[in-house]
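Accompanying notes for the structure given below.
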There are 2 protein chains.
Amino acid sequence: MKQRILAEAERLFWKYGVRSVTMEDIAKQLGISKKTIYQHFNDKEEILYQVIQDKTVRNLSEMDCMAIEGLNPVEEMLYVLNMMQKHADQVSPNLMVDVKRYYPQAFALFRQYKEGQIMRSILENIQKGITQGLYRPDINPTILARLRVEQIELAFNPELFSTDQFTMQQIQYELIHHFVRGMLTEKGFTIYNQYVNQYNHEVH
Amino acid sequence: MKQRILAEAERLFWKYGVRSVTMEDIAKQLGISKKTIYQHFNDKEEILYQVIQDKTVRNLSEMDCMAIEGLNPVEEMLYVLNMMQKHADQVSPNLMVDVKRYYPQAFALFRQYKEGQIMRSILENIQKGITQGLYRPDINPTILARLRVEQIELAFNPELFSTDQFTMQQIQYELIHHFVRGMLTEKGFTIYNQYVNQYNHEVH
């Protein structure tokens, strides 16, 4: 039951943000009573906290898979984009704003994840890219990894990117492609162009 | 006298941030009494507000000069970098943090400037770059202009970019070059490389 509550809460949070989803809503969607939810969780913030924690663990194992599959750094970046694209249309623009403003503990957990795992995996990507000659040797990996980490949060901020004007997919696509291109060497561009052409064939 | 106070306050704010600079400090540096300052300004925030307003006007006329000089969009971006580099070593990392946290009116003025003039001039740069075939035709000018505007604030945030680790110059250099490269076409790269080589000759 705990897992079902978490799964449903995640779906609703992603779709509507956190503030507008009540314990009542979650219970109703699952056809259970609010009392049942309170047997497992003290309040909505506890559910949110658990949802973020679980998601973090899942993302980490996805990243491990990526390393196992032996993608090169350029493919890796575009693979992350594909993953984000798949989920982005389900994400409410309210989600990040709600968490940041009203759920400090959950936001601290997200930040911790961002500072730790995400930062580390981007840094690794950049360093691997330089070693393989796909990214310029003269870039500063720490500064650019930080830039990329911050872009993730920027993209979720509806005050910066109006959701009337752009879909989350458009924003992510634009930012990641621009980010990767800014690092590429000539050799990197060859691989990048191959990947982009191949992907466009698959889509159209 | 008013202009001298503003000039000295600007110098001190840039160097030490706003919070740690007192009316006393400004008066002492000018060899005048605090009373003289209070004849012109009600408080420190009023001075700060005026400093930001004046700086905005000055920056605007610099940007107009740039357009008159007929630089192409790539040169224009790197020219802005040079201007920033010249001033960056004088900027305290506390400045933006202080203004954001403790001087809401002054920060609102800065934001207004950022949203208006800076946003507009970056958008124009990107559109001109596309028209001249230097930037990719498939980029989204609005999304990338927004990214660049936000980078200006990111670079000033010592929580993101540790000032022990990097100088403001390094951060600005890294971010602008990465930003421009991410937009370039092959034709754009030719011009960019010429400019970079030329600049390196001048420096070394």
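The values are calculated or read from the model by the stated rules, or taken from the named source; none is laboratory data. Bear in mind that the values here come from a model prediction, so they are computed numbers and not experimental data. Backbone-built Cβ (ideal geometry, glycine too); neighbour counts: all protein chains shown. Heads up: the accessible areas ignore ligands, DNA and RNA and are worked out on the full protein's heavy atoms, side chains in. Shrake-Rupley method; radii C 1.70, N 1.55, O 1.52, S 1.80 Å.
Observations, loosely collected:
- For the residue pairs B:Lys55/B:Lys86; B:Lys2/B:Lys28; A:Lys128/B:Lys128; A:Lys15/A:Lys86; A:Lys15/A:Lys100; A:Lys2/A:Lys55, the C-alpha atoms sit more than 25 angstrom apart in A:Lys128/B:Lys128.
- Cα gyration tensor, the protein assembly as shown - rounded (a/c under 1.5), prolate or oblate: oblate
- GNM result for chain A, Cα springs below 10 Å: residue of A:Gly129, A:Gly116, A:Gly17 fluctuating most strongly: A:Gly116
- Accessible area buried by the pairing of B and A, both sides summed with a 1.4 Å probe, works out to roughly 2500 Å².
- Ratio Rg/Rh [Cα only; Rh per Kirkwood] for the range B:70-168: 1.01
- For chain B, the Rg and Dmax computed from alpha carbons only, in angstrom: 18.9, 61
- The calculated FRET efficiency for A:Val149 paired with B:Asp138, based on their beta-carbon distance and R0 = 30 Å, is about 0.75.
- Rounded accessible area per residue of the range B:82-204, 1.4 Å, Å²: 48
- For chain A, averaging the sequence separation of C-alpha pairs within contact (under 8 Å, six or more residues apart) and dividing by the residue count gives a relative contact order of 25 percent.
- Zone residues, the range A:2-27, relative to A:Gln39, backbone N less than 12 Å from point 7 Å out along Cα-to-Cβ: A:2
- Interface burial in the range A:128-147 reaches 20 Å² or more for A:Arg136, A:Asn140, A:Thr142, A:Ile143, A:Leu144, A:Arg146, A:Leu147, comparing the full protein assembly with the chain by itself; accessible area from heavy atoms with a 1.4 Å probe.
- Residues of the range A:150-171 that bury at least 30 Å² of accessible area once all protein chains are present, compared with their chain alone (1.4 Å probe, heavy atoms only, ligands and nucleic acids left out), are A:Glu150, A:Leu154, A:Leu160, A:Phe161, A:Phe166.
- Summed side-chain charge close to A:Pro141 - residues other than A:Pro141 whose Cβ falls under 13 Å, Lys, Arg +1, Asp, Glu -1: +2
- Estimated inter-spin distance, B:Lys128 and B:Lys2, nm [label 7 Å along Cα→Cβ]: 3.4
- Remark: label point of B:Gln112 defined 7 Å out from Cα along the Cα-Cβ vector; separations to the same position in other copies 4.2 nm, ascending.
- Estimated from helical segments only, the mean residue ellipticity of chain B at 222 nm is -23500 deg cm²/dmol, where each DSSP H run of four or more residues counts as -39500 (n - 2.57).
- Accessible area in the full protein assembly, largest first, 1.4 Å probe, for B:Leu134, A:Leu160: A:Leu160, B:Leu134
- Accessible surface of the range B:45-203, 1.4 Å probe: 51 percent of it comes from carbon and sulfur atoms.
- Under a 5 Å amide H cut-off, with hydrogens placed 1.01 Å from N, B:Tyr135 pairs with B:Ile130, B:Thr185 among residues at least 5 apart or on other chains.
- Copy-to-copy label separations for B:Ser20, where each label sits 7 Å from Cα toward Cβ, in nm and ascending: 4.6
- Gyration tensor verdict on the range A:118-204 (Cα atoms; rounded if a/c is under 1.5, prolate if a/b is larger than b/c, oblate otherwise): oblate
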